[in-house]
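These notes are about the structure you will find just below.
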Amino acid sequence: MFNNYPLPERVLEALVDRGITTPTPIQTETLPLSLAGEDIIGQARTGTGKTLAFGLPIATHLEAAKGKGRAPRALVVTPTRELALQVSGELAWLAAHLDIVTIYGGTGYGQQLRSLSQGCDVVVATPGRALDYLKRRALDLSQVKIAVLDEADEMLSMGFKEDVETILSATPSERQTLIFSATLPKWTQRLVRSHTQEANHVDVMGGDSVSYRETVVEAETGVRPAVLSDVLHVQGGEGAIVFTNTKAEVDKLRDMLVADGHKVESLHGDLNQVQREDVLGRFRKGLLTALVGTNVAARGLDIPQVDLVVHYRLPDDAANYQHRSGRTGRAGREGHVVILTSNRERRQIGQLERTLSRRFERGIPPLPEHVRDAKLQRALGLAKQQPDGDKAIWTDLAQRLIQDADHDTLSGLLAAFLGGAPAQRSLLTGEEGQTTLALRGDVRSVGQVVRVLKEAGVHNVGRIQLSKEGAFADIPTDEHDAHAINHDVDDWHISQATQPPQNLVSPQDKGGQGRGNGYKGRKGGFDKRKKYQRNRSNRSAHAHD
């Protein structure tokens, strides 16, 4: 409980007013040290309460002051303008007795310079704009008693290394320094040695389990946009953020999702500050159901209503994965992270799991009936929200259709509004028009699977994956419908798979022949001789590039 700490009554009352009574792990570990005036390097994931961890010492140690043009006594440096604004917002209610000025790029100088000239107690700044004002002598850091670096590793990745060092060098050496960072790259470690007084290292990463589920869904590149749309329909909740790696793909995905009925907007570095704040404002109000962005959207956003994060493309490293994923599961809410991958990215997924020391769930693309139901529930919710006046003009028609039992017209309206019959998708790849079969039996090789399916009347075999219990195989949905395949062949039982394929193994693990973990044939398989010749031809072509 916060009343166990030596906090002023005004601060305790502010916490109670916000309904905050119990400290998070990072707050529990750092507050005894920071309130005693000691330096700290704190490691914690995004969304675990770091703002209060450094905000409480500022609110406690600094008393209200007067005097025009007074220099700030606390400095908080954040990597992005969004985070700077959010930190300022938190400090505004936590330390209402202090004057706080926020300075950041992407906007004019006038108001910020006037605020600094009038004097303040706390400055919350992004590195670039803080350094700019420092060089102009508009920002005086000579009176700083508490300096905070929030998300120090992100400042390094964004190229602010020299800016941050210059800013800290402009503050008194006897200040208290609080540094928070999810990871500790070498630069952060050097920063701690150079700019702190024997800082206490507090690490709650290991004991602080993530507050979101993580699910891997295989979706090959060609079908990934459609799978993404279905995931948002079924699992999007109040709000979702989709991450990809390029601005061009962000805009392309936004256009595709809007065409599919989603209320979506893009968020990337090409937007100016006014545009970004407009997009985020509409998202917070529920006017948008999803954002599509690059890594820039992962930094400094604190939006509690994000129920889902989708990695449309895998990020470059585990740190970026964590920063992206940390947008969900905040403020006590349960979150969900979905990672869309291809079969070729399995090794990367495995490496990511090893780096994070946890295993992701394996899932499947949403089933067609689930997509249909999700669209219907959302439409019913929207219908209830319509003003009475708007509904009144349709009342006569609705009553006539019901009285006439005109099911055909009503069904047509629903189909026009919600879409027609969705295509069946593979549980292995997400490819439309494919049905995944589960084969149970003593499977030794992909060749056995092909032979059994041929005997069952299948002409075209798609992806095959062996498992400990047998195998999974894709076949065209029209063949499945035509043959109603659900029977035994020899000692094997064949049925339609309805759950995510589990316990997958390679042909070598089965003691069989073959390359890799599957089979990607069409029309009965592939010609190994032709495949070898094609690979040899490709190598020859590359040799002449």
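Bear in mind these aren't lab numbers, they're just calculated from the coordinates by the rules spelled out. This is a predicted model, so every value here is computed, not measured. A quick note on method: Cβ atoms are made from the backbone with ideal geometry, for glycine too, and the neighbour counts reach across all protein chains shown.
Structure notes:
- For Val76, nonlocal amide neighbours, meaning residues 5 or more places apart or on other chains whose placed amide H falls under 5 Å from its own, are Val123, Val124, Ala125, Val148.
- Net charge dipole, the stretch 367-487: roughly 540 debye, given to the nearest 20, about the Cα centre with Cβ charges of +1 for Lys and Arg and -1 for Asp and Glu.
- Sorted from greatest to least, the principal axis extents spanned by the alpha carbons of the stretch 294-399 come out as 62, 32, 24 Å.
- Phi angles of the stretch 403-418 translate, via the Karplus equation with coefficients 6.51, -1.76, 1.60 and θ = phi - 60°, into HN-Hα couplings of 5, 7, 6, 7, 5, 5, 5, 4, 5, x, 4, 5, 5, 5, 7, 9 Hz per residue; Gly and Pro are given as x.
- Cα centre as origin, Lys/Arg/Asp/Glu Cβ charges: the stretch 91-217 dipole, Debye: 400 debye
- As a calculated quantity, the FRET efficiency between Ile393 and Asp491 at R0 = 41 Å, using C-beta atoms, amounts to about 0.05.
- Of Met158, Gln305, Leu116, farthest towards positive along the dipole that unit charges on Lys, Arg, Asp, Glu beta carbons give the chain: Met158
- Relative to the compact-globule estimate of 2.2 N^0.38 Å, the Cα radius of gyration of the stretch 212-368 comes out at 0.96.
- More than 33 angstrom apart: percent of Cα pairs within the chain: 54 percent
- The fewest-to-most ranking of Leu141, Leu149, Leu184 by surrounding Cβ atoms within 10 Å reads Leu184, Leu141, Leu149.
- Calculated [θ] (222 nm, deg cm²/dmol) that DSSP helices of n ≥ 4 give over the chain, each run adding -39,500 (n - 2.57): -12500 deg cm²/dmol
- Gln275 paired with Arg378, simple spin-label distance in nm, labels 7 Å along Cα-to-beta-carbon: 2.5 nm
- Relative contact order, percent, the chain [alpha-carbon distance under 8 Å, six or more residues apart]: 12 percent
- Using θ = phi - 60° and Karplus 6.51 cos²θ - 1.76 cosθ + 1.60, couplings along the stretch 147-157 (whole Hz; Gly, Pro as x): 10, 10, 10, 9, 6, 4, 5, 5, 5, 5, 5
- Helix 50-61 and the longest principal axis of the Cα set of the chain meet at an angle near 10°.
- Centre separation in Å (Cα based) which lies between the stretch 169-235 and the stretch 339-390: 24 Å
- For Arg362, the amide hydrogen comes within under 5 Å of the amide hydrogens of Val216, counting only partners 5 or more places away or on other chains and with H modelled in the peptide plane.
- Beyond 24 Å in Cα-Cα separation lie the following of the pairs Lys50/Lys161; Lys50/Lys186; Lys68/Lys161; Lys252/Lys384; Lys50/Lys263: Lys68/Lys161; Lys252/Lys384; Lys50/Lys263.
- Cβ-based net charge around Lys252, under 15 Å, with every Lys or Arg adding one and every Asp or Glu removing one: -2
- For the stretch 114-126, Karplus couplings with θ = phi - 60° (6.51, -1.76, 1.60), whole Hz, Gly/Pro x: 5, 5, 5, 5, 6, x, 7, 9, 9, 10, 10, 9, 8
- About its Cα centre, the dipole of the chain is roughly 1660 debye, where the only charges are +1 on Lys and Arg Cβ and -1 on Asp and Glu Cβ.
- Cut-off under 5 Å, modelled amide H: who pairs with Arg213 long-range: Gly335, His336, Val337
- Among Thr22, Thr51, sorting on how many other beta-carbon atoms sit within 10 Å of each Cβ, with the fewest leading, yields Thr22, Thr51.
- Residue exposure sequence - Leu382, Leu91 - by fewest surrounding Cβ within 10 Å: Leu382, Leu91
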